[in-house]
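To start, the structure under review is shown below, and the notes come after it.
A short reminder: the numbers here are calculations on the coordinates, not readings from a lab. Keep in mind the model is a prediction, meaning the values are calculated, not measured. Glycine also receives a Cβ, built like all others from the backbone with ideal geometry; neighbour counts cover every protein chain displayed.
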Amino acid sequence: MTVVHGLREQALGWQDIPVDTRSALAFQLGAGVVQALRQDAEIPGSVAVRLLLDDGRWAFVRALPALHPRASGLRAEAETTALLPRTAPVPEVFGVVDGEWLAVVFSDLDGARVNLRPGSPDCSAMFTAIGRAVRTLTPCPVAGAPEALTELDGLLSVWRTPGSLPSGLDPWLESNVDSLAAVETAWHPWSDGDTLLHNDLRPDTLVRTGTGQVLITGWQRPLRGAAWLDITPLVPYLLVAGHAIATAEKLVLSRPELRAVPAWAVTGYAAALCGYWQFASRCPEPPGSAGLREQQRKIAAAALRWVRHRTRW
């Protein structure tokens, strides 16, 4: 079911999870497993599987060794998702086993990653889900969620930090570093808000269910802030999917969450995001994340196109 960073990874199966972990999951679910359907792996070395239980229910399990480099992310996702209201467009957490292996049982995710190509109904369904998330996650339901400005400013400061500038930049970027640094903080005055932000909305964290609705998964690094900060980074993903810049901007910038945000703040945020993608896409591939940098290079190229369009420099 799940595809991450544009690559399909062969998943391990239900039987690859240690028997003690499987028994603990069955105990939490209060039912036995009748059938296990292996899914496309989200994380190399992990298990992604749909379970048919003997009481007729379906569930979705993600599991990996507790010492896997991506285990902390799955643990954080389970903890955050369990705190979200049932009315939010997110899967429900049915149980967690954390021992030799970490295994999380979600409500059934019988779906696929959203298709954001032009003309796809998933685009409308995605924005419907995002709008519902904004409504149900405002005010912020997670006490202690980090403030968006505090957490993001360090990441979105590439142009202002000469030591972080990557080598081999596009000539246009090289010639406009000072200008990019000047606008990089323009979004700061508009970052405050009381919405729980997903902080990583992308096709891999958006699942289209069999009913055509979209669920938001992957709540690993949530923040508290203005809702538009979560939505605007979708523009490069829409460009990668084949949308023209004008169309991608219309889909995103016409959202009610952006109506009060001035154009110059959006441009500053776009410039900051562009710097982040330029830097991140050149970093070494992290453990357990096959294909991440390849996908980020595509997003970085799209973000560059977007900034050039907005600045007209």
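Brief remarks on what is shown
- Loop sites in the range 51-122: trypsin sites (Lys or Arg not before Pro), DSSP, at most 11 other Cβ within 10 Å: R86
- Cα centroid separation - the range 67-118 against the range 171-208, whole Å: 25
- Contour excess over end-to-end distance, with Cα ends at D16 and R297 and 0.36 nm allotted per residue: 97.8 nm
- Cα gyration tensor, the chain - rounded (a/c under 1.5), prolate or oblate: prolate
- Helical segments meeting 24 Å axial Cα length and Kyte-Doolittle 0.5 threshold in the chain (DSSP H): 263-280
- Neighbour-count ranking [beta-carbon atoms within 10 angstrom, fewest first] of T232, T138: T138, T232
- Each of F106, F27 was scored by other Cβ atoms within 10 Å of its Cβ. Arranged with the fewest first, they read F27, F106.
- Extension gain (nm, one decimal) between L52 and T128, 0.36 nm per residue minus Cα-Cα: 24.4 nm
- FRET efficiency estimate (nearest 0.05) - Cβ-Cβ, F27 to T150, R0 25 angstrom: 0.05
- Cα extents for the range 110-242 along the principal axes, largest to smallest and rounded to whole angstrom: 48, 37, 21.
- R135/W313 FRET efficiency (R0 45 Å; Cβ-Cβ; nearest 0.05): 0.75
- Sorting D122, D20, D230 by the number of Cβ atoms found within 10 Å of their own Cβ, with the fewest placed first, yields D20, D122, D230.
- Computed from point charges on the beta carbon alone (+1 for Lys and Arg, -1 for Asp and Glu), the dipole magnitude for the range 120-311 about its Cα centre is near 460 Debye.
- Förster radius 45 Å - calculated FRET efficiency between T87 and Q35, Cβ distance, rounded to 0.05: 0.90
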